[in-house]
């Protein structure tokens, strides 16, 4: 699924009658908008000579200090502001890292499924993506080691592992503590660079944030962070934490790309962190998302036909759903939109055509009642597909894409609450 | 001169005792900061659900409409908002266009000298830059045609001409009306794409804005615009105007790079254009810059030693100065900084090692009295260099780089007020 297709989808689903479980928009209306507005207005009135002027390519020093405070919440206590590069959202950080490291033909290891925006960057850089299986505990270390060995045997240049360890987009799962240690041991053993993309790490529902991979190794891990989910995506403020030699290259690359990130938005984030109760605000967000997650999981359990499975996120924005065998989420999409419910088909999260039976459901933006209604509509659509499927069983009507013989098995996370349909 | 060197220079020249004629920072303090602050504060308080949220990759539709109004001031009356892509400053526009069009080894034609930020982007894309001579009337059409013919004869893939037609950075000159027609005729004849980079076009001191190249051809010209000099660079809002087929590629490229431009800064610019007297504010800016330009030119005429020449900008930010023969602006720079005056050496504006005798002087930021003091200090430094030069005449002390035999002549704009030292 290309960006252009996602755009077309979003233009349809923005109609008010459609319940969209497609977008990943944070609930910014839960922010104290009057306070934030006054704060930003005063930044311009009182400090316009700075906030409206060019800044440094690396980003505002005061903001980079505060970013180090934020990262300390996930155990990164040794980061220096000099190792931080402020970016236009963490998407730009990902693009810069890719520009610095990737030559055409290089291999990038990434979870199966993986963040669609990362796959787009990797494709633009003409990298090959080798997916690595994950399950309810995140990336599977044995599958990672196997992938490294296979690539080496073929003579592929593996440049890095790209991973979203917390509340994965789209899979919703989190890399367990034991696996974090195992992944780092593999990285050490095979001299593997890791790009740790962590936009959701502070949005956990059940417990304190887990210790970041970067907290375990300051040379082998490049960390991407973002204020898009903890404060505001419309400000487009993210960052990269990288060893100094890499940081220097990233600064040169960002200067060529945008000269410098916007000053106003950087001052806004720094001032927000300095003067507003941002930790409490994150609690407000997580309570709100927890309620929406619960509405999603309860509705799925109550309404989905047998054979449908899904992940149980403990934070973040997403549930990853697997349709009953033989159904194709992308082919089903027009009928779902006709039934006034939208999702993102799973195929967009794979570089190799996988994910046809999967979809991503986002619970971050709609209210719980809308979510319940959306899941109800989705369940009806799936049931109708199943009816059709049993009627035309075995006939390729164009509606049900047969699993291609010889295609690699799609190993995705499955719903641990359901049994009998678990994939290997 | 690399970006890292410019950064190092800027960190030195930010000391208060140094008069910096180096930076290109607009005089944002001349904005009505209270009004702009209130306006932006209200955007967040009243419309936070939009201004703090993700937006479209192409940019806010309302802003794209207003951008078309702005371009109409330079004769572009047929532009549609659907052909506009909002970018993170026009630097990102330049980067996106380069990504879309350039493969390694392609040739880009560009004025001699050319904008340093463009040369950085072209170098990162592994393009070859072929400089085209200019004089007081801008790019020389005959030199352009000659360059095209030479490249064709060599089998080079010429992808586009990159040009800054108005108040050129760094040369300060403007492409005359007759030459605009001649350049477009050459583009037509040789099927040449033109990238028209126009950040300064509305900042003329002497007359109404000239008609843009894009106003003469809507298929062959891709236009880059910016609010950095007419409103605020700290918001980082620029744009590209391109035919629909190109625009689609640019949107995909920007989505991979930053997902979408910041919403808040886009709303701020659109609201500013909707509610503030922005045309009158541009007049405030141009009066202020005209006064600074006058201070610069008067001081140069009064103080510079014979053999020094410079351009007479009729708008924009920059004077391009040529040292007496044999002096090297980059080698002289440490002594200038020691004398508490800074400039940007000309070599950074050439991809081929040219510009050693040149420097860029920016009059946009310092007050007129500072400018006069800066030029006084610079004149003394040049006189001291000349004294040294005559003492060690003909001896290569490492201070005076000899003009290399066989090197192509550097044809730069010369000061029409001075005679006797004009270069071909």
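The values are calculated or read from the model by the stated rules, or taken from the named source; none is laboratory data. None of the values given here were measured: they were computed from a predicted structure. As a convention, Cβ positions derive from the backbone with ideal geometry for all residues, glycine included, and neighbour counts pool all protein chains shown.
Among the conditions (1) surrounded by fewer than 24 Cβ atoms within 10 Å (Cβ to Cβ); (2) more than 12 Å from chain A (Cβ to nearest Cβ); (3) closer than 24 Å to residue B:200 by Cα, residue B:226 misses just one, which is (2). Screening A:273, A:288 for residues that are closer than 30 Å to residue B:28 by Cβ and more than 14 Å from chain B (Cβ to nearest Cβ) leaves exactly one candidate, A:273.
Would you confirm whether or not segment B:201-223 contains a residue that is buried (at least 19 other Cβ atoms within 10 Å of the Cβ), within 14 Å of chain A (Cβ to nearest Cβ) and modelled with pLDDT of 95 or more? No; the residues of segment B:201-223 include none that is buried (at least 19 other Cβ atoms within 10 Å of the Cβ), within 14 Å of chain A (Cβ to nearest Cβ) and modelled with pLDDT of 95 or more. Residues of segment B:71-82 that are in a helix (DSSP H, G or I) and farther than 24 Å from residue B:54 by Cα: B:71, B:72.
Looking across segment B:235-253, the residues that are at the interface with chain A (Cβ under 10 Å from one of its Cβ atoms) and in a helix (DSSP H, G or I) come down to B:235, B:248, B:251, B:252, B:253. Among the residues of segment B:349-364, those identified as part of a loop (DSSP other than H, G, I, E, B) and closer than 20 Å to residue B:119 by Cβ are B:350, B:351, B:352, B:353, B:354, B:355, B:356, B:357. Selection of segment B:21-44 for residues being in contact with a helix residue (DSSP H, G or I) (Cβ under 7 Å, 6 or more places away or on another chain) and not in a helix (DSSP H, G or I) yields B:21, B:22, B:23, B:26, B:27, B:31.
Per-residue answers, yes or no, for (1) away from every other protein chain (no Cβ under 14 Å); (2) over 28 Å from residue A:126 (Cβ atoms); (3) not in a loop (DSSP other than H, G, I, E, B):
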{"position": "B:94", "(1), (2), (3)": "no, no, yes"}
{"position": "B:100", "(1), (2), (3)": "no, no, yes"}
{"position": "B:103", "(1), (2), (3)": "no, no, no"}
{"position": "B:109", "(1), (2), (3)": "yes, no, yes"}
{"position": "B:126", "(1), (2), (3)": "no, no, no"}
{"position": "B:131", "(1), (2), (3)": "yes, yes, yes"}
{"position": "B:134", "(1), (2), (3)": "yes, yes, yes"}
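Residues of segment A:234-273 that are under 26 Å from residue A:36 (Cβ atoms) and out of contact with any helix residue (DSSP H, G or I) (no Cβ under 7 Å at 6 or more places or on another chain): A:260, A:261.
Looking for something within 18 Å of the chain's Cα centre (by Cα) and either within 23 Å of residue A:261 (Cα to Cα) or not assigned by the TED database to the domain that holds residue B:170 (or both) - is there at least one such residue anywhere in segment B:202-223? The answer is yes; a qualifying residue exists.
Only one of these is at positive phi and surrounded by fewer than 24 Cβ atoms within 10 Å (Cβ to Cβ): A:326, A:316. Name it. Talk me through it step by step, then tell me what you get.
Working: A:316 fails: surrounded by fewer than 24 Cβ atoms within 10 Å (Cβ to Cβ).
After applying the criteria, what remains is A:326.
Does residue A:85 satisfy the condition of being more than 9 Å from chain B (Cβ to nearest Cβ) and part of a helix (DSSP H, G or I)? So residue A:85 fails the test.
Yes/no matrix, rows are residues, columns are (1) in contact (Cβ under 8 Å) with a residue 24 or more places away in the chain; (2) facing chain B (nearest Cβ under 7 Å):
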| residue | (1), (2) |
| --- | --- |
| A:16 | no, no |
| A:20 | yes, no |
| A:29 | no, yes |
| A:32 | yes, no |
| A:41 | no, yes |
| A:52 | yes, yes |
| A:57 | yes, no |
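A residue that is outside any strand (DSSP E or B), free of Cβ contacts under 8 Å to residues at least 40 places away in the same chain and under 25 Å from residue A:361 (Cα atoms) cannot be found anywhere in segment A:151-173.
Within segment B:11-20, take every residue that is assigned to a loop (DSSP other than H, G, I, E, B) and surrounded by fewer than 19 Cβ atoms within 10 Å (Cβ to Cβ) and give me the one that is nearest to the chain's Cα centre (by Cα).
Taking segment B:11-20 first, the residues assigned to a loop (DSSP other than H, G, I, E, B) are B:14-18.
Filter once more, keeping what is surrounded by fewer than 19 Cβ atoms within 10 Å (Cβ to Cβ): B:14-17.
On the way: B:14: 21, B:15: 25, B:16: 26, B:17: 27 Å.
Going through the qualifying residues, I end up with B:14.
The set of residues from segment B:187-200 being assigned to a helix (DSSP H, G or I) and either buried (at least 17 other Cβ atoms within 10 Å of the Cβ) or within 14 Å of another protein chain (Cβ to nearest Cβ) (or both) comprises just one member, B:187.
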